[in-house]
Structure formats: C-alpha cells, structure tokens
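The values are calculated or read from the model by the stated rules, or taken from the named source; none is laboratory data. The structure displayed is predicted, hence computed values, not measured ones. A quick note on method: Cβ atoms are made from the backbone with ideal geometry, for glycine too, and the neighbour counts reach across all protein chains shown.
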Amino acid sequence: MSSDVRLDFARYARIGLEEAVFCDSKTPDQIAATLGEAALHNARLLLTRLSAEKLDALSSASGAAIDYCPISRTGFFCEPRPIEQRGDVVIVAAGTSDLPVAREAWRTLRYYGHEATSITDIGVAGLWRLTDRIDEIRAYPIIIVVAGMDAAIASVLGGLAGGAIICAPTSVGYGAAERGRTALNAILTSCAPGLVACNIDNGYGAACAALRLLGAANRLGAPKLARFSGAGMTSRPPEVVEEGDF
C-alpha cells in the first residue's frame, strides 16, 4: 500500500462530512492505492473529478465497485446511502452548460442520503423561465445557484427568495468571463444581501455548505428548516423533480 495515502477516517465524527478524494491531479495508481486503503477499513469514499480515462485505467474489480457519473465526474466507492431527506435543497442551474457543476452538487448530496430537487436552464436571459418557477424555488430553505457568464440569476434570486442561497460560479462563458472570475466577482459584489459564494466550478463545496446548514439545523433540534416565500411561510415543496440531464 502506498505510504502517500493517509485517509482521514475520523473526519465524519468531527464535522459530519467524510473525506472526499479529489482525483484530478492523482494518477490511476494513486487512486487505486486510496481505494485499497478505504477497502481495508471498510470505509466509504466520494470521488470527485474522476475522469472516464482514469476510471478505465483502474482494475476491473475497483472500477466495478464505483458508482460513476460521467456528467459530474463523481464516483461512489460504496453502496449508495438510502435517501433519508428530501425537500430541503433545490439546485438551480442557469443553463445546461452549467450541468456538470450542478450535477456534482446533486451527487454529493445524494452520497449523504439527501435527494435535492433540480431545476435547469432558467437563466435570466429568458426571465420568464425563472418567474414561472419562482414560487416553487421559494419553498426551499436552501437554494444552490449554479451559474457562469455574469451569474445574474444569483442576484435576482437573492432579491426574490428568502432561503439560504449558496452560489457556485462556473467557468462557462466567452473571453471576458475569465473562466468564472466574472461570475465569482458578480456574486461577491451583489447588492442582494447574504449570498454565499463557493469557488469556481465547486459544486462539491456548495453541497457541503448545504450539508453543514442541515446539520446545524438538526443540532438545534429544528424539526424542519423554515420555508420562506418573500415575507411569509409556504407549504412544503412538491416531491423531488429532476429535469434535463440530472
């Protein structure tokens, strides 16, 4: 077993989130060593930025043990957790080009037994697409917004929905978008108060922020997070709706 692999098996007990394995800069041999270490401890692993090429380079036994999603490039090295919670998180993707990041957030939540609702292609260039769904979005206490280019939808939702808004800027866009820097700066300078920004293309981080909020609510003994619609309360959102490539 590689001496380079030192997994943090106690992380879940400390913070409620397990260690995830970022595969983008790892070789197939390093990934295989990590999987072997996890197997020795009967541990679960969430793999992020795992390319199809690196997955194919693993042994047939290791590859078969991974539940892989090519859109998000995520893998579950484990049996999926049963769904324990739904109806608290909605993931809003401005465009279909933002789907890989949105799907990474969805898969991270699913890894932990949370099934989020997914709404795609409602960017503000066709504002009617957002206004048609705004009442539904308002019903969720946690909203993950995934958007590139100018990320204008984050500010719009920040002025219309009262839930916690976690933003994941994406690297989608032409030259002046600067691979996500323009979207990130737009979110950071938004006049809509209380928006939280994650790193560019970091759907995993956005999902973990949502999980921390859910964990804090559980520790406070809240039976359910409050659901806001403007200044008033709304009923529970409908059952999970999956759209597009989710």
Review point. Which members of the stretch 102-150 meet the condition of being touching a Ser or Thr at 6+ places or on another chain (Cβ under 8 Å) and more than 20 Å from GLN85 (Cβ to Cβ)?
Key: THR120, ASP121, ASP135, VAL146, ALA147, GLY148, MET149, ASP150
Review point. When residues of the stretch 137-153 are filtered for being under 19 Å from the mean Cα position of the chain (by Cα) and among the charged types (D, E, K, R), how many remain?
Key: 1
Revision key, fill the gap. Every listed condition ((1) under 18 Å from ARG179 (Cβ atoms); (2) in contact with a helix residue (DSSP H, G or I) (Cβ under 9 Å, 6 or more places away or on another chain); (3) crowded, with 22+ Cβ neighbours inside 10 Å) holds for LEU99 save (2)
**Study point:** the stretch 107-133, residues that are within 18 Å of ALA207 (Cβ to Cβ) and not in a loop (DSSP other than H, G, I, E, B)
**Key:** ARG107, THR108, LEU109, ARG110, TYR111, HIS114, GLU115, ALA116, THR117, SER118, ILE119, THR120
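With the condition kept exactly as written, say whether any residue in the stretch 99-112 is β-branched (Val, Ile, Thr), under 26 Å from THR189 (Cβ atoms) and modelled with pLDDT of 95 or more. Show your work before the answer.
Here is the first cut: in the stretch 99-112, the residues β-branched (Val, Ile, Thr) are 101, 108.
Still in the list and also under 26 Å from THR189 (Cβ atoms): 101.
Retained after the next criterion (residues that are modelled with pLDDT of 95 or more): 101.
Within the stretch 99-112, one or more residues are β-branched (Val, Ile, Thr), under 26 Å from THR189 (Cβ atoms) and modelled with pLDDT of 95 or more.
With modelled with pLDDT under 95, among the hydrophobic types (A, V, I, L, M, F, W, C) and buried (at least 17 other Cβ atoms within 10 Å of the Cβ) as the only criterion, which of LEU220, LEU214 stands out?
Values: LEU220 fails: buried (at least 17 other Cβ atoms within 10 Å of the Cβ).
None of the others qualify; the one that does is LEU214.
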Check your understanding: Residues of the stretch 1-32 being over 21 Å from THR108 (Cβ atoms) and either among the aromatic types (Phe, Trp, Tyr) or at pLDDT below 90 (or both), which ones?
Key -> MET1, SER2, SER3, ASP4, VAL5, ARG6
Practice item. Pick out, from the stretch 1-106, the helices (runs of 4 or more DSSP H) lying fully within it that include 3 or more residues that are within 29 Å of THR120 (Cα to Cα) and more than 15 Å from the chain's Cα centre (by Cα). Key: 52-57
Check your understanding: Is it true that VAL101 is closer than 26 Å to ILE137 by Cβ, touching a Leu at 6+ places or on another chain (Cβ under 8 Å), of a type outside the set (S, T, N, Q) and in the same structural domain as SER155 (by TED's automatic domain parsing)?
Key -> no
